[in-house]
1. Which members of the range 90-118 meet the condition of being under 22 Å from Gly18 (Cα atoms) and more than 13 Å from the ligand (Cβ to nearest atom)?
2. Give the residue that is farthest from the ligand (Cβ to nearest atom), with candidates limited to residues of the range 67-78 that are of a type in the set (A, V, I, L, M) and in contact (Cβ under 8 Å) with a residue 60 or more places away in the chain.
3. Would you be able to say whether some residue in the range 152-174 is assigned to a loop (DSSP other than H, G, I, E, B), touching a residue at least 24 places away in the same chain (Cβ under 8 Å) and either under 20 Å from Gly96 (Cα atoms) or under 13 Å from the mean Cα position of the chain (by Cα) (or both)?
4. Among the listed residues Val12, Val36, identify the single one that is touching a Cys at 6+ places or on another chain (Cβ under 6 Å), in contact (Cβ under 8 Å) with a residue 12 or more places away in the chain and buried (at least 22 other Cβ atoms within 10 Å of the Cβ).
5. For the condition within 24 Å of Ser136 (Cα to Cα) and surrounded by fewer than 21 Cβ atoms within 10 Å (Cβ to Cβ), what is the one hit in Glu95, Glu72?
6. How do the strands (runs of 3 or more DSSP E) wholly within the range 1-66 filter down when requiring 1 or more residues that are under 14 Å from the mean Cα position of the chain (by Cα) and more than 8 Å from the ligand (Cβ to nearest atom): which remain?
7. Taking Phe121, is it of a type outside the set (D, E, K, R), surrounded by fewer than 23 Cβ atoms within 10 Å (Cβ to Cβ) and outside any helix (DSSP H, G or I)?
8. Out of the helices (runs of 4 or more DSSP H) lying entirely within the range 177-254, which hold 3 or more residues that are crowded, with 20+ Cβ neighbours inside 10 Å and more than 11 Å from the ligand (Cβ to nearest atom)?
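Bear in mind that the values in this text are calculations on the coordinates, not laboratory data. This structure is a prediction, so every number in the text was calculated from the model and none was measured. Don't worry about glycine lacking a Cβ; one is built from the backbone with ideal geometry, like all the others, and counts go over all protein chains shown.
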Amino acid sequence: MTGRVQGKSALVTGAGSGIGRATAVALAAEGARVVVADVDLDGGEETCALVRAAGGEAFAVRCDVARSADVEAAVAATVRAYGRLDCAVNNAGIEGVLLPIHELPEEDWQRTIAVNLSGVFLSLKHELAVMLSQGSGSIVNVASVLGVVAFPNAAGYNAAKHGVIGLTKTAALEASPLGVRVNAVCPGFVETPMARRGRAIVGDDVYEALAGLHALRRLGEADEIAEAIVWLCSDAASFVTGSSLMADGGFTAQ
Ligand SMILES: NC(=O)c1ccc[n+]([C@@H]2O[C@H](COP(=O)([O-])OP(=O)(O)OC[C@H]3O[C@@H](n4cnc5c(N)ncnc54)[C@H](O)[C@@H]3O)[C@@H](O)[C@H]2O)c1
């Protein structure tokens, strides 16, 4: 059987957990050879074990997306191993500290922006250098519903995710005429370790109320976001670029 990304090579950042892990597994199941990039190498190796157990091909690299040299090395490792870079999923992210702006330490703001916004810029920079020389490729940036609307006490996260959507449009305008598509996916709230850490802070009542913010009256699953990302990566999305796909259970429809 031929998969939707058969024979393609894919780099997924933040693939040691949650949405990134589900995406790496899904891309491999659809025929891609995958590089799992994460600051947490143990998590990355666990993802590779899941890919291999399902008959796929993957290897892990340690990569902090806030460090240009790390991202450049992850891209180079992909090209060295697989000969090219066809798909890149810029998913690595942190939730940041939940505080109102006037109480938010500057270093917490800086770190959230460094990972969630500059990390996507650095990833685009190094991925596009390869893809533009190939004349082909597809990039998916993982933004959020909080790239479109805001929650209080999440200034760094909101600002970074809004910025990811702007970066996505900019990259799409620059790269699409040269054969490279760039899109964003905006998940609603999804059951992952990040969401579970949030639950521990805001409490069970607030967390359970989050489901009601979605028209589907539930949180999403990482596999459901991975499905949207695989489609955007694949040639089936050949006329889609510069878009921000809401995979949000209807959160922003209201
Ligand atoms: N879970 C949600 O509700 C939700 C909703 C919307 C968007 N998102 C976004 O989806 C993406 C994945 O989130 P998740 O819920 O799977 O979280 P997660 O915490 O389960 O996984 C995030 C992964 O990113 C890695 N990571 C963190 N900082 C990194 C860095 N500097 N360099 C490389 N890797 C790093 C972590 O080690 C981890 O493996 C994030 O960008 C997040 O903002 C999540």
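1. Val97, Leu98
2. The residue in question is Val75.
3. Going residue by residue through the range 152-174, those that are assigned to a loop (DSSP other than H, G, I, E, B) are 152-153.
Now restrict to residues that are touching a residue at least 24 places away in the same chain (Cβ under 8 Å): 152-153.
Those still in the list that are either under 20 Å from Gly96 (Cα atoms) or under 13 Å from the mean Cα position of the chain (by Cα) (or both) too: 152-153.
Yes, because at least one residue in the range 152-174 is assigned to a loop (DSSP other than H, G, I, E, B), touching a residue at least 24 places away in the same chain (Cβ under 8 Å) and either under 20 Å from Gly96 (Cα atoms) or under 13 Å from the mean Cα position of the chain (by Cα) (or both).
4. Values: Val12 fails: touching a Cys at 6+ places or on another chain (Cβ under 6 Å).
After applying the criteria, what remains is Val36.
5. Values: Glu95 fails: within 24 Å of Ser136 (Cα to Cα).
The unique qualifying residue is Glu72.
6. Result: 9-13, 33-38.
7. Considered against the rule, which asks whether it is of a type outside the set (D, E, K, R), surrounded by fewer than 23 Cβ atoms within 10 Å (Cβ to Cβ) and outside any helix (DSSP H, G or I), Phe121 comes out as no.
8. Correct list: 222-233.
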